[in-house]
Amino acid sequence: GNSVTQMEGPVTLSEEAFLTINCTYTATGYPSLFWYVQYPGEGLQLLLKATKADDKGSNKGFEATYRKETTSFHLEKGSVQVSDSAVYFCALSVTNGGYNKLIFGAGTRLAVHP
Amino acid sequence: GAVVSQHPSWVICKSGTSVKIECRSLDFQATTMFWYRQFPKQSLMLMATSNEGSKATYEQGVEKDKFLINHASLTLSTLTVTSAHPEDSSFYICSVLTRGGETQYFGPGTRLLVL
């Protein structure tokens, strides 16, 4: 079946530290992959996405590369800020009944302190 | 990206009453909308897929008679929690999918508390 596994949080970092949040997936076919971010009390915002193998999605200093050989889509940022504190969800898109359905990972909470 | 609104942003109701949550796509026509619920510190659970002009498709384990979905137009879907109970208290989030697209854009969520 289709599933997404994320590293457990919380991840606690100091400002300007390097961030990696691991994400691996299991899927039939060739899914698109996404990272969404959820700030406290809010809905989800699309952070970045990649639609095929070796694609790199990037946005706001975050990036992730679609690795088919390792079935991974790890999220990285070179220097985190306090404002990056949020919950990050990795997701894959599968086609079901003619439309695309998202399968989410459990989410990883990131806390960045000054 | 698309702009999606939800109303209300939070609601408190008594047990046994019904609550309606609206999801609006503000800047494009959405043929498909999704409804999720999220418990504290957990991931999103897809409840149902709502297609304009047809009946919603519910995920396994979701009671269709309890969670009524109406996709009245290309810009509006509503979720009605009927005869709400405290265990229905949750964060309800909708998303929209553009025609032919694969990216979902999410609303800000509605927090429901049933007393």
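The values are calculated or read from the model by the stated rules, or taken from the named source; none is laboratory data. Only a predicted model underlies this, so the values are computations on that prediction, with no experimental measurement involved. FYI the Cβ positions are ideal-geometry reconstructions off the backbone, even for glycines, and counts take in every protein chain you see.
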message: Restricting to the stretch A:83-98, name every residue that is within 15 Å of A:G29 (Cβ to Cβ) and either surrounded by fewer than 16 Cβ atoms within 10 Å (Cβ to Cβ) or more than 14 Å from every other protein chain (Cβ to nearest Cβ) (or both).
response: A:T95, A:N96, A:G97, A:G98
message: Can you tell me how many residues within the stretch B:52-79 are within 13 Å of B:S25 (Cα to Cα) and either small (G, A, S) or touching a His at 6+ places or on another chain (Cβ under 7 Å) (or both)?
response: 4
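A:A53 - would you say it is small (G, A, S), in a loop (DSSP other than H, G, I, E, B), more than 13 Å from chain B (Cβ to nearest Cβ) and within 15 Å of A:S93 (Cα to Cα)? Before you say what the answer is, go through the steps one by one.
On the way: small (G, A, S): yes; in a loop (DSSP other than H, G, I, E, B): yes; more than 13 Å from chain B (Cβ to nearest Cβ): yes; within 15 Å of A:S93 (Cα to Cα): yes.
For A:A53, the condition - small (G, A, S), in a loop (DSSP other than H, G, I, E, B), more than 13 Å from chain B (Cβ to nearest Cβ) and within 15 Å of A:S93 (Cα to Cα) - is met.
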- line: Within the stretch A:11-24, the count of residues that are closer than 14 Å to A:F89 by Cβ and more than 11 Å from the chain's Cα centre (by Cα) comes to 1
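Could you tell me which residue of the stretch B:82-103 is farthest from B:F67 (Cα to Cα), considering only residues that are of a type in the set (V, I, T) and modelled with pLDDT of 85 or more? Quick ask: steps written out before the conclusion?
Filtering the stretch B:82-103 for residues of a type in the set (V, I, T) gives B:82, B:93, B:96, B:98, B:103.
Within this subset, residues satisfying the condition of being modelled with pLDDT of 85 or more are B:82, B:93, B:96.
Numbers: B:T82: 6, B:I93: 13, B:V96: 18 Å.
Among those residues, the one meeting the criterion is B:V96.
Report yes if some residue within the stretch A:39-46 is closer than 27 Å to B:F91 by Cα and in contact with a Cys (Cβ under 7 Å, 6 or more places away or on another chain); otherwise report no. Lay out the reasoning, then the answer.
Taking the stretch A:39-46 as the starting set, the residues that turn out to be closer than 27 Å to B:F91 by Cα are A:39-46.
When the remaining residues are screened for being in contact with a Cys (Cβ under 7 Å, 6 or more places away or on another chain), the result is none.
No; the residues of the stretch A:39-46 include none that is closer than 27 Å to B:F91 by Cα and in contact with a Cys (Cβ under 7 Å, 6 or more places away or on another chain).
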- request: Just one of (1) closer than 30 Å to B:R111 by Cα; (2) within 14 Å of another protein chain (Cβ to nearest Cβ) trips up A:V80, so point out which.
  value: (2)
statement: Matching residues in the stretch A:12-46 (outside any loop (DSSP other than H, G, I, E, B) and out of contact with any Lys or Arg (no Cβ under 7 Å at 6 or more places or on another chain)) number 16
